[in-house]
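The values are calculated or read from the model by the stated rules, or taken from the named source; none is laboratory data. For clarity, every value in this text was computed on a predicted model and none was experimentally measured. Every residue, glycine as well, gets a Cβ built from its backbone with ideal geometry; the counts of neighbours run over all protein chains shown. Ligands, DNA and RNA are stripped out before the accessible areas are found, and what is left, the full protein with its side chains, is counted by its heavy atoms. Shrake-Rupley method; radii C 1.70, N 1.55, O 1.52, S 1.80 Å.
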Amino acid sequence: MKQKQLDELKDECKNCIACELGNTRTNIVFSDGNGNSAKAILIGEAPGENEDKTGIPFVGRAGKLLNEFLEKTGISRENDLYIINTVKCRPPKNRVPSDTEKKACEQYLLKQIEIVNPKILIFCGSTALKSFYTNKIPISKIRGEILELEIGGKIRKCIPIFHPSYLLRYHSLEEGSPRALMLKDLVKIKNLINDKK
Ligand code: SF4
């Protein structure tokens with residue numbers, strides 16, 4: 001049922017030119033994962049080159065690293081998550097999407113959240129965080145915290161985490177390192193997903 005609604009929304013999105021990114025994309029990058037019963041929506045920044053080519057989010061180097069981290073913490077990309085981005089089309093040269101572009105694309109993002117209606121929203125990286133959280137706190141200071149925010153007329157549990165592209169720059173798994181913190185945050189998310197409440 002949810003998947004059918006999501007498919008209809010995707011069909012609408014395919015021809016979208018509500019912002020200038022619609023003129024340069026190859027494919028819209030609508031979603032991946034479990035639209036029917038995911039307990040968490042993971043929201044990234046924007047499609048990159050590989051995503052634009054394939055139409056699937058998080059398939060490049062950062063996506064592969066994300067998959068490794070998900071595997072390590074027992075989170076199933078296919079079953080536990082529905083994966084999206086703040087905008088559905090690739091910004092040229094992988095620049096950060098502008099506020100105007102994010103605003104234009106919000107119609108799809110909010111509708112996806114409303115349809116899937118997950119227990120948790122994961123803000124993956126500072127662009128996703130800033131799309132919903134206006135306090136100017138850097139992601140390094142707020143990652144791993146559970147925020148309760150009103151999104152689409154409903155109070156939702158949200159948790160910011162690092163974007164895997166940031167983690168590509170760091171390799172250490174020592175305590176306190178970005179990769180170790182990412183693992184810690186994903187374990188927390190796994191526990192929230194499993195929590196029966
Ligand atoms: S980024 Fe979003 S609003 Fe802009 S053209 Fe693509 S689908 Fe439409």
ask   = Contour minus end-to-end for Thr134 and Glu114, with contour as 0.36 nm per residue of separation and end-to-end as the Cα-Cα distance?
value = 5.1 nm
query = Can you work out the FRET efficiency for the pair Lys14 and Leu168, with r the C-beta to C-beta distance and R0 = 35 Å, to the nearest 0.05?
reply = 0.70
request  = With a point put 7 Å past each Cα toward its Cβ, work out how far Asn36 is from Asn23 in nm, to one decimal.
outcome  = 4.1 nm
inquiry  = Can you tell me what share of the DSSP beta bridges in the chain is antiparallel? A percent to the nearest 5 is fine.
reply    = 35 percent
key: Lysine pair number, Cα distance threshold 14 Å (strictly under), region 112-197, separation 8 or more or different chains   = 10
message = What percent of all Cα-Cα pairs in region 11-62 falls into each 5 Å bin, going from 0 up to the bin containing the maximum distance?
response = 4, 19, 25, 25, 17, 8, 2
key: Note, ³J(HN,Hα) from phi for region 51-59, Karplus 6.51, -1.76, 1.60, rounded to Hz, x at Gly and Pro   = 5, 4, 5, 9, x, 10, x, 6, 10
note = Taking only the alpha carbons of region 2-194, the radius of gyration and the largest Cα-Cα distance, Dmax, both in angstrom, are 15.5, 46
query = If you place +1 on the Cβ of every Lys and Arg, -1 on the Cβ of every Asp and Glu, and leave all else neutral, what size is the dipole of region 2-194 about its Cα centre, to the nearest 20 Debye?
reply = 260 debye
Region 135-152 - phi-based ³J(HN,Hα) in whole Hz, Karplus 6.51/-1.76/1.60, Gly and Pro as x = 4, 7, 9, x, 4, 5, 8, 10, 4, x, 8, 8, 9, 10, 10, 7, 9, x
Residue-normalised accessible area of region 1-95, given per residue in Å² at a 1.4 Å probe = 49 Å²
request  = Using Cα pairs closer than 8 Å and at least 6 residues apart in sequence, work out the relative contact order for region 51-131, in percent.
outcome  = 25 percent
request  = Compute the label zone of Glu106 within region 132-167: residues whose backbone N is under 20 Å from the point 7 Å along Cα-to-Cβ.
outcome  = 132-137, 147-160
task = Enumerate the calculated ³J(HN,Hα) couplings along region 25-31 in order (Karplus 6.51 cos²θ - 1.76 cosθ + 1.60, θ = phi - 60°), each rounded to whole Hz, writing x wherever the residue is Gly or Pro.
result = 6, 8, 10, 6, 10, 8, 5
note = Among trypsin sites (Lys or Arg not before Pro) in region 69-149, those in a DSSP loop whose Cβ has at most 15 other Cβ atoms within 10 Å are Arg95, Lys119, Lys136
ask   = If R0 is 41 Å, what FRET efficiency do you get for Lys64 and Lys196 from their C-beta distance, rounded to 0.05?
value = 0.80
inquiry  = For the pair Leu183/Lys72, report the inter-label distance in nm, with labels modelled 7 Å from Cα in the Cβ direction.
reply    = 0.5 nm
ask   = Please state the relative contact order of region 2-194 as a whole percent: Cα pairs under 8 Å, 6+ residues apart?
value = 24 percent
Region 56-140 - Kirkwood radius from inverse mean 1/r over Cα pairs (Å) = 14.3 Å
inquiry  = Under the rule of at least 5 residues apart or a separate chain, name every residue whose amide H is placed under 5 Å from the amide H of Glu45.
reply    = Thr86
message = Could you tell me which residue out of Ile120, Asn79, Gln5 lies farthest along the dipole of region 2-194 toward its positive end? Charges go on the beta carbon: Lys and Arg +1, Asp and Glu -1, centred on the Cα centre.
response = Ile120
request  = For region 100-140, state the average projected area of the convex hull of the C-alpha atoms over all orientations, rounded to one decimal in nm².
outcome  = 3.4 nm²
ask   = Scanning the chain for GluC sites (Glu not before Pro) in DSSP loops with at most 13 other Cβ atoms within 10 Å, what's the longest stretch left with none?
value = 1-77
